[in-house]
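Enquirer: Got a structure for you, questions after.
The values are calculated or read from the model by the stated rules, or taken from the named source; none is laboratory data. Since the structure is predicted, the reported quantities are computational estimates derived from the model, not experimental observations. Methodologically, a virtual Cβ is constructed for each residue, glycine included, from the backbone with ideal geometry; neighbour enumeration extends over all protein chains shown. These accessible areas exclude ligands, DNA and RNA; they are computed on the full protein's heavy atoms, side chains included. Shrake-Rupley method; radii C 1.70, N 1.55, O 1.52, S 1.80 Å.
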Amino acid sequence: MIDRPVQLSDVPPQSPPRRPWRWWQILLLSCGAIIAMGGLTAGGLLWHFSKDLPALDQLGTYQPSLVTQVYSVDQKLIGQFFIERRILTTGANIPERLRRAVIAVEDVRFFEHPGLDYIGMLRAAWTNVRRGSKVEGASTITQQLARSLFLSSERTFDRKVRELILAYKMELVLTKDQILELYLNQIYFGQGAYGVATAAQTYFGKDLSALTVGESAFLAGLPKSPNHYSPFKAYDRAKKRQEHVLARMEEAKFLTATEREQAAAEILSFRRPGVEQAAPYFVEYIRQLLVAKYGEETVYKGGLKVYTTLNMEMQKAAEAAFAAGLRELDKRQGWRGPLRTVDVTAPAPSPVVAEGDLILKVGDYREGFVTRVGKDHFLVQVGSMVTKLAFDDMAWAKRRLTGPDLAKDVVVNQNLKQILKPGDVIEVMVKKLDRDMVHVQMEQTPLIEGGFIALEPAKGEIRAMVGGYDFGRSEYNRAVQAHRQPGSAFKPIIYATAMNQGMSPGSVILDAPVVYAQEQDEKTWKPENYGRKIHGMVSLRDALAHSHNLATVRLLDKVGVKSVIEFAKTVGITSPLAADLSLGLGSSSVGLMELTSVYSVFLNQGNRAEPHGVLSVKDNAGQVLEQAESQAIPVISKETAYLITNMMEDVVQKGTAQAAKGIGRPVAGKTGTTDEFINAWFIGGAPNLVAGIYVGFDDRRSLGETESGAHAALPIWINFMQAALTPLPIVRRSLGETESGAHAALPIWINFMQAALTPLPIVAFTIPEGVTFVKVDPSTGLLEDEQEGQASTVELFTKGSEPTQTTQRRLDPVDFYKLDQIPEGAL
């Protein structure tokens, strides 16, 4: 084999040597890798923090939690229900000065950034580094809104990242004006106020449109730390914050220097938050109705507008008359002793004085302790002031209670000097203010309770409601929820049943002892009159006027228990009634509003309107959800209604409620007292207003001997009626020392009616065409005897039921003697 010489072309080419990586190439590649990894990491983090964030597509129609507002019939705000107390307002109704104040202090570049203010972040970071601590934040308005709507306030990295993401997304789906409107409605301003509209009302008692520049700047400064800048805790600090906001507004060219100085010089008149709830029992009654119908979610978050039937002037009269009546009744029962005793020799710590404690006004109730005993008075320390308690202003405390039994646990001490000693803590009321002395009278918070309600008969609208002495002590609404024995206050239903069956007020019945056998236990029942008096044959009119028990039970037996129960249901009684003769004495428990509505039927010509407290309900958009239709329907004849009303007028004119005659207008009503004076009632009114009251202990013990409806309830009724019908101060009427059988609820009723009826026109009870007047013999109820000297009276009858027989006059034996004296020939 011959070897071929090697060709040059057969030698493989040599590759050029590789150049080493230059430093900038390595750096560029590293940066790219880092950026890629950072991007992936950032994307992963964004995906991680975004995956459970809420969707923002519905944010434009977001509905924040709103406050439901309750108004009286005279358009006064009386109650609010809320989770967050917020009144929604549109951006167009937010004044520009307030918008600018908020932007200046919270986010001056709000209209320039996309939700995240990078310049602001750098500025805040530099400021904080320079100051050595965190003195400035960089959260934009959009970030704050995102945090308020969707996130918690915890300071964590996770929350901050979510906040930034949400803020950026919100700017994509909402306009700047929409974001600002949401923010100003959502943010918290302190004192329970959410949103600018509520804040304006809370701090200044104003609508937004009435805010000044200074007030707007103050509100704008609150969201950063509402509690820290509260004017009620630190006014100077709050004022400095306001001045800071004004300075920022000047920096942002929203104000001139002169305007800033003028706004800073404004005197800020703050409206101190009130602690008293108007008509608390009524408002709670309305709340329960709304929750039952619309649910808690709608009531507490839906921003409803609820318009009620309550008349605030009447409500105030009712509350004042009720409280005064219970205090007077409590004093008659006796003094329970000092609240506690303190050591007057020990050095007293410096008191923490609340605003108002240094100012005493006539009518204020305060606690104080006795410091010294004088010749005819005690000195009592009330707060920082020394007051004078004269012996005459504590004379009622001679009767000292040592236990719950008002009859047995009593000690009477005639020496007033021995009743109190230094250190005794007592309750007093400011009676008079002299230049150098405050005069007080001794008081005592009553333990007794009760209920009060006033209705407009023609419409069934509730005008006033009191469910107890103190809502803070007991939220139990005795005007609506309590069921108590009404005693004689039930009797008009029995007598009305008799009128419905064709009897008349002039019909007679025997008022005499009677014994009934009780079939269920083979025992006997013997009803009695008050004082165990017997009156013989009496007219139904007099039997009701003077509340004769024996005559009433006999009447019930005559008309039939079943008939009375059916009639009671017809006129509005829904409670179960005892199907026996004890019903005649009011033994079956009924509700106060329930029985008062029955009297409304009598006073409203037999027409019944269901009692109600709501006139209308609107949603937050102004759409009507509910509209009451006050329509009274006839349930009994006008004639029956007028006859029983006329009989109850005589209860006032000559019966157990004569104290009510002083009202000076036609009124009709009935007292009620139960066995052992456990409950005292009075219900009555005029054609345009009826009111009912009962008083009694919750544990159903006695009110005390002689504390009947006329003495414990009627004066409250009278005081209310005088105030409700006259814009005059409540008049407290004393009934003197005589305490008749109907003495406990009547005074309260009188006090209310005197207050309530005056603004209302005087209206007489309408006499139906079917009622006629006939002269009758009052002893028999038959037509009068035409003989001279025979007593007669004009009585009312339903046409067709008039008596046709004449009373047969009985000859007196003296008449025979008179015949013998007639001269011969004269016969």
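Enquirer: Under the condition of being open to solvent by 10 Å² or more (accessible area, probe 1.4 Å) and in contact with a helix residue (DSSP H, G or I) (Cβ under 9 Å, 6 or more places away or on another chain), which residue from region 450-465 is nearest to Asn604 (Cα to Cα)?
Expert: The selected residue is Ala458.
Enquirer: Which count do you get for residues in region 364-390 that are open to solvent by 30 Å² or more (accessible area, probe 1.4 Å), without any contact (Cβ under 8 Å) to a residue 60 or more places away in the chain and either under 15 Å from Lys331 (Cβ atoms) or part of a loop (DSSP other than H, G, I, E, B) (or both)?
Expert: 4
Enquirer: Follow-up. Provide a single number: the residues in region 478-492 that are crowded, with 23+ Cβ neighbours inside 10 Å and within 24 Å of the chain's Cα centre (by Cα).
Expert: Number of matching residues: 3.
Enquirer: Okay, next question. Just to be sure I understand, how many residues within region 420-438 are open to solvent by less than 40 Å² (accessible area, probe 1.4 Å), closer than 15 Å to Asp393 by Cβ and of a type outside the set (Val, Ile, Thr)?
Expert: We begin by selecting, within region 420-438, every residue open to solvent by less than 40 Å² (accessible area, probe 1.4 Å); these are 420, 423-430, 438.
Remaining after also requiring closer than 15 Å to Asp393 by Cβ: 420, 426-430, 438.
Subsequent filtering for residues that are of a type outside the set (Val, Ile, Thr) retains 420, 427, 429.
Looking only at that region, the number is 3.
Enquirer: Further question on the same structure: Just give me the residues in region 660-688 being within 19 Å of Ile762 (Cβ to Cβ) and not in a loop (DSSP other than H, G, I, E, B), in sequence order. Spell out how you get there, then give the answer.
Expert: Of region 660-688, the ones within 19 Å of Ile762 (Cβ to Cβ) are 660-669, 684-688.
Listed by number, the residues that qualify are Ala660, Lys661, Gly662, Ile663, Ala668, Gly669, Gly684, Gly685, Ala686.
Residue-wise test of (1) closer than 17 Å to Glu528 by Cα; (2) open to solvent by less than 10 Å² (accessible area, probe 1.4 Å).
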site	(1), (2)
Ser539	no, no
Leu550	yes, yes
Arg554	yes, no
Asp557	yes, no
Phe567	no, no
Ser582	yes, no
Glu610	no, no
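Enquirer: Return yes when Ile748 is β-branched (Val, Ile, Thr), assigned to a helix (DSSP H, G or I) and at pLDDT below 80 and no when it is not. Quick ask: steps written out before the conclusion?
Expert: Numbers: β-branched (Val, Ile, Thr): yes; assigned to a helix (DSSP H, G or I): yes; at pLDDT below 80: yes.
In short, yes.
Enquirer: In region 522-541, how many are of a type in the set (Lys, Arg) and within 42 Å of the chain's Cα centre (by Cα)? Step through it out loud before you land on a result.
Expert: Taking region 522-541 first, the residues of a type in the set (Lys, Arg) are 523, 526, 532-533, 541.
Subset that is within 42 Å of the chain's Cα centre (by Cα): 541.
Matching residues across region 522-541 total 1.
Enquirer: Now for a different question. Which one of these is more than 23 Å from Gln722 (Cα to Cα) and either at pLDDT 95 or above or not in a loop (DSSP other than H, G, I, E, B) (or both): Gln288, Gln315?
Expert: Working: Gln315 fails: more than 23 Å from Gln722 (Cα to Cα).
One residue alone meets the criteria, Gln288.
Enquirer: Might you let me know whether region 636-646 holds any residue that is more than 21 Å from Trp681 (Cβ to Cβ) and in a loop (DSSP other than H, G, I, E, B)?
Expert: yes
Enquirer: Next up: Where residues in region 83-103 are aliphatic (A, V, I, L, M) and out of contact with any helix residue (DSSP H, G or I) (no Cβ under 7 Å at 6 or more places or on another chain), which of them is modelled with the highest pLDDT?
Expert: Pass one, region 83-103, residues aliphatic (A, V, I, L, M): 83, 87-88, 92, 94, 98, 101-103.
Next, only the ones that are out of contact with any helix residue (DSSP H, G or I) (no Cβ under 7 Å at 6 or more places or on another chain) stay: 92, 103.
On the way: Ala92: 90, Ile103: 93.
In this case the residue turns out to be Ile103.
Enquirer: Cβ-Cβ below 7 Å, separation at least six or inter-chain, first residue in region 189-213 and open to solvent by 10 Å² or more (accessible area, probe 1.4 Å), second of a type in the set (Gly, Ala, Ser) and in a helix (DSSP H, G or I): which pairs?
Expert: Close Cβ pairs (under 7 Å, with a partner that is of a type in the set (Gly, Ala, Ser) and in a helix (DSSP H, G or I)) amount to Lys206/Ala200; Asp207/Ala200; Leu208/Ala197; Leu208/Ala200; Val213/Ala263.
Enquirer: Being open to solvent by 30 Å² or more (accessible area, probe 1.4 Å), at pLDDT 80 or above, within 30 Å of Met314 (Cβ to Cβ) and assigned to a loop (DSSP other than H, G, I, E, B), is that true of even one residue in region 776-789?
Expert: Scanning region 776-789 turns up no residue that is open to solvent by 30 Å² or more (accessible area, probe 1.4 Å), at pLDDT 80 or above, within 30 Å of Met314 (Cβ to Cβ) and assigned to a loop (DSSP other than H, G, I, E, B).
Enquirer: Which number in (1) touching a helix residue (DSSP H, G or I) at 6+ places or on another chain (Cβ under 7 Å); (2) in a helix (DSSP H, G or I) marks the one condition that Lys569 misses?
Expert: Tallying (1) touching a helix residue (DSSP H, G or I) at 6+ places or on another chain (Cβ under 7 Å); (2) in a helix (DSSP H, G or I), Lys569 fails exactly one: (1).
Enquirer: Next question. Residues in region 502-525: is at least one of a type in the set (Asp, Glu) and under 23 Å from Thr807 (Cβ atoms)? Give the steps one after another, and end with the answer.
Expert: Kept after step one, since they are of a type in the set (Asp, Glu), are these residues of region 502-525: 511, 519, 521-522.
So of that shortlist, the ones also under 23 Å from Thr807 (Cβ atoms) come out as 511.
Looking through region 502-525, at least one residue is of a type in the set (Asp, Glu) and under 23 Å from Thr807 (Cβ atoms).
Enquirer: Among the helices (runs of 4 or more DSSP H) contained in region 162-261, which hold 1 or more residues that are of a type in the set (Gly, Ala, Ser) and closer than 18 Å to Ala104 by Cα?
Expert: Where helices (runs of 4 or more DSSP H) fall fully within region 162-261 and carry at least 1 residues being of a type in the set (Gly, Ala, Ser) and closer than 18 Å to Ala104 by Cα, they are 213-220, 235-251.
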